[in-house]
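Trainee: After the C-alpha cells below, expect a handful of questions from me.
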Amino acid sequence: MYSDALKNGRKIFAVAPMIDWTDTRCRFLHRQISRHALLYTEMVVADAVIHGPRDRLLGHDAAEHPVALQLGGSDPAKLTEALRIAEAYGYDEINLNVGCPSDRVQSGTFGACLMLTPETVAACIAAMKAVSKAPVTVKCRIGVDEQEPEEALPELITRVLDAGADAIWIHARKAWLKGLSPKENREIPPLDYEIVYRMKQRWPGVFIGINGGIQTLDQAEAHLAHVDGVMLGRAAYQNAAILADVDHRFYGEPAVETDWNVLRDRMMAYTARHIAEGGRLQHVARHMVGLFSGLPGSRRYRQILSTDANKPGAGPEVIAAAFAAVDFAGEGERASA
C-alpha cells in the first residue's frame, strides 16, 4: 500500500483511529460515503486481543476495506501474539499507537509515553514486522512533556525505520502526560505542522502522513502538498458527510452527487442485521447523528436519532424517519468544501 503510494505519487486520505468512536459500525457508515478512504479501528490493546472477546474486538464487515488495525502495547511478545490472532481477520495494515495520552494508556506503559523510550518502539516494530503479512506502521506525536521535538521525533523515526516500519503517521502536537486531560491534549499544546513537513524533507523516500486539527478537505489538500498522507479525526466523525468528496478530490474518481437515499437504505439493512444478531439501533445510530450538519432539517434529524433510537424495540424505521426530516434540496451548506 505505502510503497505503491510513494512509487506512484499517490496520496492517502485516512480517518483517524479514535477510542470509543471508530468501531465497526462507524467504519461501515464511513465506507458507504467514501470507497477509498483508509479507515482505522479504535486502538485495541494487545492483552485484550489475547485474553478478551476476539470477534467483538477484531470483527468487521468485509465492506470496510481498506481498514487498518491499531494495536496498543509495549511488549513485543504480546504484540506479535495479538498480531497472529488478528491475521485471521484480514486487516490491510497494522498500526502501533505511540500517541494516545490517556491515563489508562499511560498506566499500561504504552501510547504517547512510548515517545520516551524509542528503543522499545523499535523492538515492537521489529517483532511485528517479523510476523506480519500486512504493512506495519507507527502513529506518534511530535514529542511528550519536556522533550524537544526536533530531537525526539527524528530519533523515533530513525529507530522505527531501521526496525522496518512501512510508514509514519504524525499527530503534529506534543502530548502532555501530566496535568492535561486527553481532551486538553487535543487542544492546548500548539500544533506544529512545519516539523512534520521537515520530517518528510529529511526522509523523502518514506511515507509520512499528518494528523491533528485538520477540519476541512481544503486544509487536507493543502497539507498534501508537503506530505504523503492526511488523516482527519473529529471533523470526519462529527459530520461524516465531509467524506462525500474524498474519492473525487484525492483518488481521481468522477465528481458525483451522493445519493443519500441509497445510504439510508444501506444503513437500514445493516442495522436490521445488527439487531438480528443481538445488537441495538443506538449502536449504529450514534455514529450518524452529526451526518447532515448545516442542512435544513438537520436539527430534527438529530433529535429523532438521539431520542427515538434509544427507545425499547427501536428498529431501522427510526433511520427512515430521521432522513425524512432533512431537506436535501435546501440551501444549507454541507461541510464538504
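The values are calculated or read from the model by the stated rules, or taken from the named source; none is laboratory data. Remember, it's a predicted structure, so these values are computed and weren't measured experimentally. We place every Cβ from the backbone using ideal geometry, glycine too, and count neighbours over all the protein chains shown. Remember, those area values only see protein heavy atoms, side chains included, never the ligands or the DNA or RNA. Shrake-Rupley method; radii C 1.70, N 1.55, O 1.52, S 1.80 Å.
Trainee: Would you mention how many residues in region 193-226 are closer than 14 Å to Leu153 by Cα, open to solvent by less than 50 Å² (accessible area, probe 1.4 Å) and more than 19 Å from the chain's Cα centre (by Cα)?
Mentor: So the answer is 5.
Trainee: Only one of Gly205, Gly209 is assigned by the TED database to the domain that holds Cys140, in contact with a Gly (Cβ under 6 Å, 6 or more places away or on another chain) and either not in a loop (DSSP other than H, G, I, E, B) or not hydroxyl-bearing (Ser, Thr, Tyr) (or both); which?
Mentor: On the way: Gly205 fails: in contact with a Gly (Cβ under 6 Å, 6 or more places away or on another chain).
Step by step, each of Gly205, Gly209 is checked, and only Gly209 is assigned by the TED database to the domain that holds Cys140, in contact with a Gly (Cβ under 6 Å, 6 or more places away or on another chain) and either not in a loop (DSSP other than H, G, I, E, B) or not hydroxyl-bearing (Ser, Thr, Tyr) (or both).
Trainee: Report the residue count in region 50-85 for those that are in contact with a strand residue (DSSP E or B) (Cβ under 7 Å, 6 or more places away or on another chain), in contact (Cβ under 8 Å) with a residue 40 or more places away in the chain and in a helix (DSSP H, G or I).
Mentor: So the answer is 3.
Trainee: Taking only pairs six or more apart or across chains, which ones have beta-carbon atoms under 6 Å, a first residue in region 225-238 that is within 13 Å of Ala172 (Cα to Cα), and a second residue that is assigned to a helix (DSSP H, G or I)?
Mentor: Close Cβ pairs satisfying both conditions: Val227/Lys200; Val230/Ala220; Val230/His223.
Trainee: Here are some residues: Thr271, Thr307, Thr258. Which one is touching a residue at least 12 places away in the same chain (Cβ under 8 Å), open to solvent by 20 Å² or more (accessible area, probe 1.4 Å) and hydroxyl-bearing (Ser, Thr, Tyr)? Outline the logic, then answer.
Mentor: Numbers: Thr271 fails: open to solvent by 20 Å² or more (accessible area, probe 1.4 Å); Thr307 fails: touching a residue at least 12 places away in the same chain (Cβ under 8 Å).
Result: Thr258 is the single residue among Thr271, Thr307, Thr258 that is touching a residue at least 12 places away in the same chain (Cβ under 8 Å), open to solvent by 20 Å² or more (accessible area, probe 1.4 Å) and hydroxyl-bearing (Ser, Thr, Tyr).
Trainee: I've got another one for you. Does Glu93 count as closer than 18 Å to Lys139 by Cβ and open to solvent by 10 Å² or more (accessible area, probe 1.4 Å)?
Mentor: Details: closer than 18 Å to Lys139 by Cβ: yes; open to solvent by 10 Å² or more (accessible area, probe 1.4 Å): no.
Judged against the criteria, Glu93 is not a match.
Trainee: Also, I was wondering about something else. If I ask for residues that are farther than 18 Å from Val15 by Cβ and in contact (Cβ under 8 Å) with a residue 40 or more places away in the chain, which ones from region 31-46 would you list?
Mentor: Within region 31-46, the subset farther than 18 Å from Val15 by Cβ is 45-46.
Val45, the sole residue that qualifies.
This table checks each residue for (1) at pLDDT below 95; (2) not in a helix (DSSP H, G or I).
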residue: Ala220; (1), (2): no, no
residue: Thr258; (1), (2): yes, yes
residue: Arg264; (1), (2): no, no
residue: His283; (1), (2): no, no
residue: Met288; (1), (2): no, yes
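Trainee: Shifting gears a bit: Working carefully through the options Ala269, Ala329, find the one that is part of a loop (DSSP other than H, G, I, E, B) and not assigned by the TED database to the domain that holds Ile19.
Mentor: Details: Ala269 fails: part of a loop (DSSP other than H, G, I, E, B).
That would be Ala329, the only listed residue that is part of a loop (DSSP other than H, G, I, E, B) and not assigned by the TED database to the domain that holds Ile19.
Trainee: Continuing with the same structure: Out of all the residues in region 222-243, which are under 19 Å from Asp4 (Cα atoms) and either assigned to a loop (DSSP other than H, G, I, E, B) or of a type outside the set (Gly, Ala, Ser) (or both)? Break it down into steps so the answer makes sense when it comes.
Mentor: From region 222-243, those under 19 Å from Asp4 (Cα atoms) are 224-231; that's our starting set.
Residues satisfying the conditions are Leu224, Ala225, His226, Val227, Asp228, Val230, Met231.
Trainee: Just for region 274-294: of the residues that are free of Cβ contacts under 8 Å to residues at least 40 places away in the same chain and hydrophobic (A, V, I, L, M, F, W, C), which one is nearest to Leu29 (Cα to Cα)?
Mentor: Among residues in region 274-294 that are free of Cβ contacts under 8 Å to residues at least 40 places away in the same chain and hydrophobic (A, V, I, L, M, F, W, C), the one nearest to Leu29 (Cα to Cα) is Ala285.
Trainee: Please tell me if Glu146 is without any contact (Cβ under 8 Å) to a residue 60 or more places away in the chain and either outside any helix (DSSP H, G or I) or aliphatic (A, V, I, L, M) (or both). Walk me through it before giving the result.
Mentor: Numbers: without any contact (Cβ under 8 Å) to a residue 60 or more places away in the chain: yes; either outside any helix (DSSP H, G or I) or aliphatic (A, V, I, L, M) (or both): yes.
For Glu146, the condition - without any contact (Cβ under 8 Å) to a residue 60 or more places away in the chain and either outside any helix (DSSP H, G or I) or aliphatic (A, V, I, L, M) (or both) - is met.
Trainee: Kindly check whether there is at least one residue in region 99-113 that is part of a loop (DSSP other than H, G, I, E, B), at pLDDT below 95 and of a type in the set (Asp, Glu).
Mentor: No; the residues of region 99-113 include none that is part of a loop (DSSP other than H, G, I, E, B), at pLDDT below 95 and of a type in the set (Asp, Glu).
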